[in-house]
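These notes concern the structure reproduced below.
The values are calculated or read from the model by the stated rules, or taken from the named source; none is laboratory data. In this text the structure is predicted, and so the values were computed from the model without any measurement. Virtual Cβ from ideal backbone geometry, glycine too; neighbours counted across all protein chains shown.
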Amino acid sequence: MDRRQFISHSFATAGSALLAGRGFAAEASVPLEQVPGAVMPAEIGRARFPDGFMWGLATASYQVEGAWNEDGKGESIWDRFSHTVGKIRGGATGDVACDQYHLYPQDIAILKRLHMKSYRFSISWPRIQPAGTGAPNQKGLDHYKRFVDALLEAEIRPFCTLYHWDLPQALEDRGGWPNRDLGGFFADYAGILAKNLGDRITVWAPFNMPWSFTYLGYGVGVFPPGKADYQQFLKAAHTVNLAQGEAFRAIKAASTKATVGSAYGMAPAYPKTDSDADRAAAARYHAMNNVYFLETAMHGRYPKAFVGEIPYEAMGFRPGDDQIMKVPLDWIGFHYYTRRIVSDASDASHPGSDGSFGTEIEDTAGGRDPYTRFRAVMPTEGPLTDGGLEVWPHGIYDLVMQITREYNRPIIEITESGCSYLDAPYEKENGRVPDPRRIEFFREELAELVRAIADGANVGAFHAWSLLDNFEWADGYSQRYGLTYVDFRDQKRTVKDSGLWYGRVAAANRLDV
Ligand code: FCB
C-alpha cells in the first residue's frame, strides 16, 4: 500500500481563516508532486463523470423524519432506545429530528436546487405496519405516496431503502432479528411496499448496513436492542440474509419494474504486514464486514469469514437456506467512509490491549468473537474528521476496484459517503456556512472514484451523506454530516458551501467547478 498525504491534510491543520473558500493555498510540507499517488489539481481538472451519472444525497427515516408517534405509527426500537436514559449523547431523541415528515417539500426543493438526480431515503417499517405484521396503515402508505410523488415531480429518482434500522418494537419483543420468523415478516412488509409504491419506485435496497445493526445491536450492544452475545449476532445475521432473499422475491413478484440491490457498509481492509497471516486476516475482515450479506445473495454461500469451519449450527442454518438466500442482485450498493488496517489475532498468546480477539469494535468487544480472529483498527495517518474518522480518499478507489473484480464488474451505486464537520453559519459571511474541509473531502474522493470508472468500474451513482444535519444515532445531534445545516431550534435549513459546490458538480459532471 502506498503511503499518501493529501491536500486536505494540510487544509485540516492550516486554520479556518485560510479556508474560507477563497482559493486557498495548501501549506503542504512536501510539494504535492513528490507525494506518491496524491490527487493532483490537474487530475481534478480533468475529471469527467459519465453522461447520465446519478448525483444524489441520502438520509434515513429515523434520522430525519421526526413525527415519531403520528398518523398511526408504531414504536420502533430506536424510539425505545432513545427514550431510555443514558443511551444517546446529550439525551437526544429522534422525536422531531429534522421534521422531514412535515417539511419534506422544503427538502425536495433543496434537492432540486442542487441538481440532484437521486434521493436515497428509507421507509419507516412501523409507519407501514405499526406492530410489524398484518394489514398496512393507510396513513403511512399515503405519506410515502405523496412524498415520492413530490420527488418524481421534481425529476428526482426515489431510491428506497426498506430498513434503515428502525425495527417495530413489537418485533423486537418477539425476539428481534435472531428470531428467524422475521425473514417472513420482512418479506410481507417488502411486498406491501412494492405493491403500493412499485408504480413509483423502481430502485429498492432491502437493508442498510446489515453487519452494523446486527453486530452493534446483538453482538456488542451499543445499538438497540443493546444485546451483547456473539451467538445472537450470528443468528440475527442469518435471519437478515434469509430476509434479504425473501424480500427480493416479494418485491419482484409485486412490481415488474423493480430493481433490487443493497446498501452495505464497507471499508477496504489493508493487511498490517505482508505476512500470510495478516493477509488472511484482512481477507476475513472483508468477508465478515464487507461481503457477508453479498456473497450469500450472489452465490448462496457464506464467505470465508471464520478461522476454521463456518459455524452453521450457531447461526441456526437449515438445509435449503442457501437457496433462500441466493438472489442475483441487480446492482451492488455500498457506502465508503474510511479504511481499516487488519492483522491476525488467531494466536491466543497475542490478545489485544483489552484482552480481546477479533472484531472491529475492539474497545467494546471484550473478546466475544471466537471465530474471525482478526484485529481491525482505523489508522490515523490521514486527517481526522470532527467525527473522528480518518480521511482516506484513495480507499474508495481500492474498494470499488475490489468489488468490480470479485463480482464480475457489477453495476455499482455508492449509497453513502461523507464526513462530519461542525461548521456553522457565519455572520461575517452573511450567514453562509463555509465548510471547506467537506468540499475537499468530496473533491479528492470523487477524483479517486472517477479514476476507478476510467479503470473499468461500472459506477452509476454517488449519494453523499447527508442532505441534512440529522440525528446521528448514539451520537445524537453532536455530529453534523449534512451538506445542509439544520438549526434544530427552529428547523431552519441553510445549504452549506459544500452543498452549493456539490450542486455545481452535479450540474457540470466535473470537479473543477
Ligand atoms: C452510516 C449510516 C448512516 C449515518 C452515517 C454517518 O453508517 O448508514 O445512517 O449514520 O453512517
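Out of curiosity, is Arg375 touching a helix residue (DSSP H, G or I) at 6+ places or on another chain (Cβ under 8 Å) and away from the ligand (no atom under 16 Å from the Cβ)? The answer is yes for Arg375. Taken over the stretch 472-508, residues that are within 16 Å of the ligand (Cβ to nearest atom) and polar (S, T, N, Q) amount to 4.
Among the residues of the stretch 191-248, those identified as among the basic types (Lys, Arg) and within 30 Å of Asp142 (Cα to Cα) are Lys195, Arg200.
Using beta carbons and a limit of 6 Å, which pairs, at least six apart or on different chains, have the first residue in the stretch 274-290 and in contact (Cβ under 8 Å) with a residue 40 or more places away in the chain and the second one of a type in the set (S, T, N, Q)? Filtered contacts from the stretch 274-290: Asp278/Ser343; Ala281/Ser343; Arg284/Thr372; Met288/Thr372. Checking every residue in the stretch 416-427 against the condition of being at pLDDT 95 or above, over 30 Å from Val260 (Cβ atoms), assigned to a helix (DSSP H, G or I) and away from the ligand (no atom under 16 Å from the Cβ) gives at least one match. Reported count of residues in the stretch 155-169, each being more than 22 Å from the chain's Cα centre (by Cα) and under 20 Å from Ala228 (Cα atoms), is 1.
Residues that are within 16 Å of the ligand (Cβ to nearest atom) and either at pLDDT 95 or above or acidic (Asp, Glu) (or both) number at least 2 in the following strands (runs of 3 or more DSSP E) confined to the stretch 191-292: 203-207, 264-266.
Among the residues making up the stretch 68-106, those that are touching an Asp or Glu at 6+ places or on another chain (Cβ under 7 Å), not hydroxyl-bearing (Ser, Thr, Tyr) and not in a helix (DSSP H, G or I) are Trp68, Ala97. If you scan the stretch 441-500, which residues turn out to be in a helix (DSSP H, G or I) and more than 25 Å from Gly395 (Cβ to Cβ)? Once the filter is applied, which keeps residues that are in a helix (DSSP H, G or I) and more than 25 Å from Gly395 (Cβ to Cβ), the stretch 441-500 yields only Leu500. Scanning the stretch 107-135 for residues that are surrounded by fewer than 18 Cβ atoms within 10 Å (Cβ to Cβ) and not in a helix (DSSP H, G or I) yields a count of 6.
Checked against the criterion of being within 16 Å of the ligand (Cβ to nearest atom) and not hydroxyl-bearing (Ser, Thr, Tyr), the stretch 167-189 contains one or more residues that satisfy it. With respect to the conditions (1) touching a strand residue (DSSP E or B) at 6+ places or on another chain (Cβ under 9 Å); (2) within 16 Å of the ligand (Cβ to nearest atom), Asp398 lacks only one, and its number is (2). Being among the acidic types (Asp, Glu), surrounded by fewer than 22 Cβ atoms within 10 Å (Cβ to Cβ), in contact (Cβ under 8 Å) with a residue 12 or more places away in the chain and within 16 Å of the ligand (Cβ to nearest atom): is that true of Asp435 here? For Asp435, the condition - among the acidic types (Asp, Glu), surrounded by fewer than 22 Cβ atoms within 10 Å (Cβ to Cβ), in contact (Cβ under 8 Å) with a residue 12 or more places away in the chain and within 16 Å of the ligand (Cβ to nearest atom) - is not met.
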